[in-house]
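Remarks on the structure that follows.
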Amino acid sequence: MAKNILAFGPNGSGKGTQGAIVKEKYGIDHIESGAIFREHIKGGTELGMKAKEFIDKGDLVPDEITIPMVLETLGKSKEKGWLLDGFPRSKAQAEALDKSLTEAGMNLDYVIEIVLDRGIAAERIMGRRLCANDNNHPNHIAFDAIKPVEKDGKLVCRVCGGELSVRADDQDTDAINKRHDIYYDTDTGTMAAVNYFKNAGGAKVISVDGSLGIKEVTEAIMKELA
Ligand SMILES: [Zn+2]
């Protein structure tokens, strides 16, 4: 039977990478919340037009618009199953989504939570380095397995010795903090949403230690998935 899964983890936890692996395992659709907005706005749907009004003003799209939009997109993957990434972000959204899923006849099978200390998550975002010669040469100052090497007192690509640079987005501490403030909020934010599912029963909640390597995190998740 098709599986329906929610994926949680702070920015920098490798949630996207793990989500892609889980998607492969079940052959389900990997649905990212940003893509839902883009799809509805591009398609000119009624909900999309309403959402755009808020986005154009720089305001948050209210849940009354977001939830039906998410449900409509998930409904298209009803037969195949889905992994939803980046939604819900708050406790209120979690409650509303849970209720709406039941009404729409969709079961939530798993909730995957990648647990990672906030400081480490920020380090992971900021530690990524880009090789000037090849995008596929991963370098990261926080991971021993892919640590850049030192040459003439400078860090260079561990694969080819090429020059390294950073992505401006990855060094924007204000933007990182803003996202993490929402994620780590256990009263009303995303961690409160995770706790809601832990208490609600129903879906099996899988919490894994995100401080491990990518392979170890995958193994820990796979062990819990049927
Ligand atoms: Zn390189």
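The values are calculated or read from the model by the stated rules, or taken from the named source; none is laboratory data. Remember, predicted model here, so these are calculated numbers, not experimental data. Backbone-built Cβ (ideal geometry, glycine too); neighbour counts: all protein chains shown. Accessible surface areas use protein heavy atoms only, side chains included; no ligands, DNA or RNA. Shrake-Rupley method; radii C 1.70, N 1.55, O 1.52, S 1.80 Å.
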*Return the only residue of Ala121, Ala145 being of a type in the set (A, V, I, L, M, F, W, C), touching a Pro at 6+ places or on another chain (Cβ under 7 Å) and in contact (Cβ under 8 Å) with a residue 40 or more places away in the chain.*
Ala121
*Collect the residues in segment 46-79 that are closer than 23 Å to Lys99 by Cβ, part of a loop (DSSP other than H, G, I, E, B) and either open to solvent by 50 Å² or more (accessible area, probe 1.4 Å) or without any contact (Cβ under 8 Å) to a residue 40 or more places away in the chain (or both), keeping them in residue-number order.*
Leu60, Val61, Pro62, Lys78, Glu79
*List the number of the failed condition for Val194; all other conditions in (1) surrounded by 12 or more Cβ atoms within 10 Å (Cβ to Cβ); (2) assigned to a loop (DSSP other than H, G, I, E, B) hold.*
(2)
*If a residue has to be charged (D, E, K, R), open to solvent by less than 70 Å² (accessible area, probe 1.4 Å) and part of a helix (DSSP H, G or I) to count, how many in segment 118-173 make the cut?*
2
*Looking at (1) acidic (Asp, Glu); (2) open to solvent by less than 90 Å² (accessible area, probe 1.4 Å); (3) assigned to a helix (DSSP H, G or I), can you tell me which one Asp185 breaks?*
(3)
*What about Val115, is it more than 24 Å from the chain's Cα centre (by Cα), touching a residue at least 12 places away in the same chain (Cβ under 8 Å) and at negative phi?*
no
*Filter result (open to solvent by 20 Å² or more (accessible area, probe 1.4 Å) and in a loop (DSSP other than H, G, I, E, B)) within segment 107-117*: Asn107, Leu108, Asp109, Asp117
_So for segment 207-215 (the condition being in contact with a Ser or Thr (Cβ under 9 Å, 6 or more places away or on another chain), part of a helix (DSSP H, G or I) and either open to solvent by 70 Å² or more (accessible area, probe 1.4 Å) or not basic (Lys, Arg) (or both)), does at least one residue qualify?_
yes
*Is one or more of the residues making up segment 7-23 aromatic (Phe, Trp, Tyr) and under 25 Å from Tyr196 (Cα atoms)?*
yes
